[in-house]
Amino acid sequence: MKKIFALLIAATTTMAALAEPEHFTSDDTHTFSSFSYNHFGYSTQQSRFNSTKVKVMLDRIAKVGVLEATIDAKSVDTGSKLFDQHIQAEDFLDTARYPTITYKSTQVHFHGDVPVNVEGNLTVKGVSRPVALTITHFQCMEHPMARKLACGANVTATIKRSEFNAGKYAPHVADEVMLSFAIEAIKD
């Protein structure tokens, strides 16, 4: 009986050790966010933000997680300096007053030990709204150069820019905007 009790204590201790949260910080050279939208029906325009910082906490055994992202809205890159200024103006991102875009999760949903979607709040131009993110790809393994655990993900969401006070020219320039995030984060 003492052996069984000792085994139960050891198993419980081992499970508790395995269920500790892991904290990750984005690799800034491999993490960025992008957005696309239909432009007057002619084409789908694709642009990106060159500076996106992400912090992640994952506990894949307990199936909980936290995702926080901060985007430097002034790092918008449309491929044209003139158009970058247009997007940063008051009618769209108003980066003079709102230099950052943030996302803070409220819940992470898992399938097994893999996160598959995230619920949270996106804040653009001082307006916070609930936005669900879909994780289309997720992978954790030892980083071959850093020699530490790293996780990567591709994440998407669709928002209406008018809900964030950035709806000028809608519906000719589509109100719906597809957001995409490529995230690579290394364990702290």
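What the table below lists for this structure:
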{"item": "Which numbered condition ALA157 fails, given (1) of a type outside the set (Asp, Glu); (2) in a strand (DSSP E or B); (3) over 30 Å from ALA89 (Cβ atoms)", "result": "(3)"}
{"item": "Tally of residues being under 12 Å from VAL124 (Cα atoms) and of a type outside the set (D, E, K, R) across segment 89-110", "result": "9"}
{"item": "Verdict on VAL56 being within 15 Å of PHE181 (Cβ to Cβ) and touching a residue at least 12 places away in the same chain (Cβ under 8 Å)", "result": "yes"}
{"item": "Some residue of segment 76-83 being part of a strand (DSSP E or B) and at pLDDT 95 or above", "result": "yes"}
{"item": "Those strands (runs of 3 or more DSSP E) lying entirely in segment 15-64 with at least 2 residues under 26 Å from THR100 (Cα atoms), among the hydrophobic types (A, V, I, L, M, F, W, C) and out of contact with any Pro (no Cβ under 8 Å at 6 or more places or on another chain)", "result": "32-39, 52-59"}
{"item": "Segment 134-167, subset closer than 12 Å to TYR37 by Cβ and among the hydrophobic types (A, V, I, L, M, F, W, C), residue surrounded by the fewest Cβ atoms within 10 Å (Cβ to Cβ)", "result": "ILE159"}
{"item": "Test for SER43: is it in contact with a Phe, Trp or Tyr (Cβ under 9 Å, 6 or more places away or on another chain), at pLDDT 95 or above and within 30 Å of ILE87 (Cβ to Cβ)", "result": "no"}
{"item": "Residue under evaluation THR12, criteria (1) of a type in the set (S, T, N, Q); (2) modelled with pLDDT of 95 or more; (3) more than 26 Å from the chain's Cα centre (by Cα), criterion not met", "result": "(2)"}
{"item": "Check on SER75, in contact (Cβ under 8 Å) with a residue 40 or more places away in the chain and under 30 Å from MET145 (Cα atoms)", "result": "no"}
{"item": "All positions within segment 168-187 that are surrounded by fewer than 16 Cβ atoms within 10 Å (Cβ to Cβ) and in a strand (DSSP E or B)", "result": "GLU176"}
{"item": "Candidate set from segment 45-69 (those that are over 19 Å from ASP28 (Cβ atoms) and buried (at least 16 other Cβ atoms within 10 Å of the Cβ)); member that is nearest to the chain's Cα centre (by Cα)", "result": "VAL66"}
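Let's see how each residue does on (1) part of a loop (DSSP other than H, G, I, E, B); (2) farther than 19 Å from LYS187 by Cβ; (3) among the hydrophobic types (A, V, I, L, M, F, W, C):
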position	(1), (2), (3)
LYS74	no, yes, no
ALA96	yes, yes, yes
SER105	no, no, no
PHE110	no, no, yes
PRO115	no, no, no
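A quick yes/no check of all residues on (1) under 21 Å from VAL76 (Cα atoms); (2) surrounded by 13 or more Cβ atoms within 10 Å (Cβ to Cβ); (3) among the basic types (Lys, Arg):
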| residue | (1), (2), (3) |
| --- | --- |
| TYR98 | yes, yes, no |
| THR102 | yes, yes, no |
| THR106 | no, no, no |
| GLU119 | no, yes, no |
| LEU122 | yes, yes, no |
| GLY126 | yes, no, no |
| VAL131 | yes, yes, no |
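The values are calculated or read from the model by the stated rules, or taken from the named source; none is laboratory data. Computed from a predicted structure; not experimentally measured. Using ideal geometry, Cβ is built from the backbone for each residue, glycine included, and neighbour counts are taken over all protein chains shown.
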